[in-house]
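The values are calculated or read from the model by the stated rules, or taken from the named source; none is laboratory data. Owing to the predicted nature of the structure, the values given are computational and were not obtained by experimental measurement. Quick reminder, even Gly has a Cβ in these numbers, built from the backbone with ideal geometry, and neighbours come from all protein chains shown. With ligands, DNA and RNA removed, areas are computed over all heavy atoms of the protein, side chains included. Shrake-Rupley method; radii C 1.70, N 1.55, O 1.52, S 1.80 Å.
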Amino acid sequence: MMTTSRRDFLQKLAVSAAAVPFLSTDVFAGLRPTAQGSVLRVALMGLGGYASRVAESMQSCKRAKITGLISGTPAKLDEWGAKYGVPEGSRYNYENFDKIKDNPDIDAVYVITPNALHHDQVIRVAKAGKHAICEKPMALNAAEGEEMIAACAAAGVKLLVGYRLHFEAKTLEVVRMRSEGEFGKIKFFQGQCGFRIGDPNQWRLDKALAGGGAMMDIGIYAINGARYMVGEEPIWVTAQETKTDTVKFKEGVDETILFQLGFPSGAVASCLSTYNMNYLDRFFLNGEKGFAELQPSTGYGPIEGRTNKGKLTQPHVTHQTQQMDEMAGIILDGNEPVVPVDGLEGLKDLKVIDAIYRACATGERQELKLV
Ligand code: NAD
């Protein structure tokens, strides 16, 4: 039986390991007799809206903690540094963050900046020898995505994409039911993703920073969802664009796109991506023996859903908390998620996005080769 003093000692050790940000990698390695006990030490890059949500959610993580910060705004570095206990020596700006390579207290950098910056920033993170977690969309196009994958492979670091729904319990239950044949042969998927975007001056409506419009931001959920719900890679895409507001949605910034995907089995998907309609957050999967419906399907939750067998009742866990704990397991222990979150997964969505834009421009069906 464990003595009280030994239990106290172990508890203190656990507390101090979690609380002391300057522990070196070697010291952590010493605390890692089994990989399950290890903690992923993460620097957040881009301290904006989504990073705030990630940072708050990470306070409940068991396996991930914030040990570094990267921002162009000194006041944010001070404020976040004080709030999350990140010492000055682990705070960086966009000019000097390559120095992170000399920081033994950081294992990975989570890039949460506007889309156009992901490519260069992930490559710099890789060159600094740190694992990269990158927000979606991974990059502006497939060519950029391929360069990021190559840079991470060359540096021997992992590249993960912030696909939080790949760890969400109700989503995973539908994936399990589909993969075990409970819906029979899959015939059809419908993904409706959109919201009415506000401030016309935000980076999401600036082609240079966003790489496009709704498709890059919210339509990507329908693409990604179609792939993991159907469980196949699409082999063709057709797409049609409509625009009702050419002032807000300038050249190259898509407002609304309808697109259709075809899969090798003959299953088809019909999807809507828009920045100009509210109440669109719904996935529907139809098979010969059953169906699944998730609504909301991609918001921060709780995700709600039902199948032909009844309501989905898996408990809600804050997506970003779950994601970061699972990503710690992927990076530190080599765990394999049920639905991948690696660079290749991000690249596949970018290939579909490239093809959707080509289909809109030409009016022609585009063949896809994702595998
Ligand atoms: P945001 O505008 O709230 O934050 C962006 C941050 O990047 C800001 O702190 C800004 O100061 C900083 N930044 C650095 N360089 C910049 C530059 N040159 N121009 C503009 N800003 C610059 O945006 P956000 O909502 O946090 O989105 C950031 C990324 O996260 C995007 O890629 C977005 O798609 C992704 N995101 C993902 C989810 C999700 O659920 N997975 C949700 C929201 C956003």
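To keep it simple, each residue is scored yes or no on (1) within 19 Å of Ala153 (Cα to Cα); (2) free of Cβ contacts under 8 Å to residues at least 40 places away in the same chain.
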| position | (1), (2) |
| --- | --- |
| Leu312 | no, no |
| Gln320 | no, no |
| Leu332 | yes, no |
| Val341 | yes, no |
| Thr362 | no, yes |
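Just checking, how many residues over segment 112-160 are within 14 Å of the ligand (Cβ to nearest atom) and either open to solvent by 50 Å² or more (accessible area, probe 1.4 Å) or in a loop (DSSP other than H, G, I, E, B) (or both)? Please lay out each step first, then the result.
Residues of segment 112-160 that are within 14 Å of the ligand (Cβ to nearest atom), as a first pass: 112-122, 124, 132-140, 144-145, 148, 160.
With either open to solvent by 50 Å² or more (accessible area, probe 1.4 Å) or in a loop (DSSP other than H, G, I, E, B) (or both) added as a condition, the list becomes 112-114, 117, 120, 124, 135-140.
Going through segment 112-160 one residue at a time, the tally reaches 12.
Would you please name the residue that is most open to solvent (accessible area, probe 1.4 Å), looking only at residues in segment 331-371 that are in a loop (DSSP other than H, G, I, E, B) and more than 30 Å from Leu40 (Cβ to Cβ)? Steps first, please.
Step one: of segment 331-371, the residues in a loop (DSSP other than H, G, I, E, B) are 334-341, 363-365, 368-371.
Filter once more, keeping what is more than 30 Å from Leu40 (Cβ to Cβ): 363-365, 368-369.
On the way: Gly363: 66, Glu364: 115, Arg365: 124, Leu368: 22, Lys369: 160 Å².
Taking the candidates together, the pick is Lys369.
Could you please let me know if Thr67 is away from the ligand (no atom under 13 Å from the Cβ), at pLDDT 95 or above and open to solvent by less than 20 Å² (accessible area, probe 1.4 Å)?
Taking the combined requirement at face value, the residue satisfies it.
Any idea which of Ala239, Ala328, Ala267 is away from the ligand (no atom under 16 Å from the Cβ) and within 30 Å of Ala108 (Cα to Cα)?
Numbers: Ala239 fails: within 30 Å of Ala108 (Cα to Cα); Ala267 fails: within 30 Å of Ala108 (Cα to Cα).
Criteria check complete, one pass: Ala328.
Can you tell me which of (1) of a type outside the set (Val, Ile, Thr); (2) open to solvent by 10 Å² or more (accessible area, probe 1.4 Å); (3) assigned to a loop (DSSP other than H, G, I, E, B) is the one Phe249 doesn't meet?
(2)
Restricting to segment 300-330, give me the number of residues that are assigned to a strand (DSSP E or B) and within 14 Å of Thr171 (Cβ to Cβ).
Matching residues across segment 300-330 total 3.
Which residues, counting only those in segment 266-289, are in a loop (DSSP other than H, G, I, E, B) and open to solvent by less than 10 Å² (accessible area, probe 1.4 Å)? Break it down into steps so the answer makes sense when it comes.
Applying the first criterion (in a loop (DSSP other than H, G, I, E, B)) to segment 266-289 yields 266-267, 275-279, 288-289.
Matches in segment 266-289: Ala267, Tyr275.
Ala35 fails exactly one of the following numbered conditions: (1) at pLDDT 95 or above; (2) among the aliphatic types (A, V, I, L, M); (3) in contact with an Asp or Glu (Cβ under 8 Å, 6 or more places away or on another chain). What is the number of that condition?
Result: Ala35 passes all but (1).
Could you list all residues from segment 161-191 that are open to solvent by less than 40 Å² (accessible area, probe 1.4 Å), away from the ligand (no atom under 16 Å from the Cβ) and touching an Asp or Glu at 6+ places or on another chain (Cβ under 7 Å)?
Listed by number, the list holds a single entry, Gly184.
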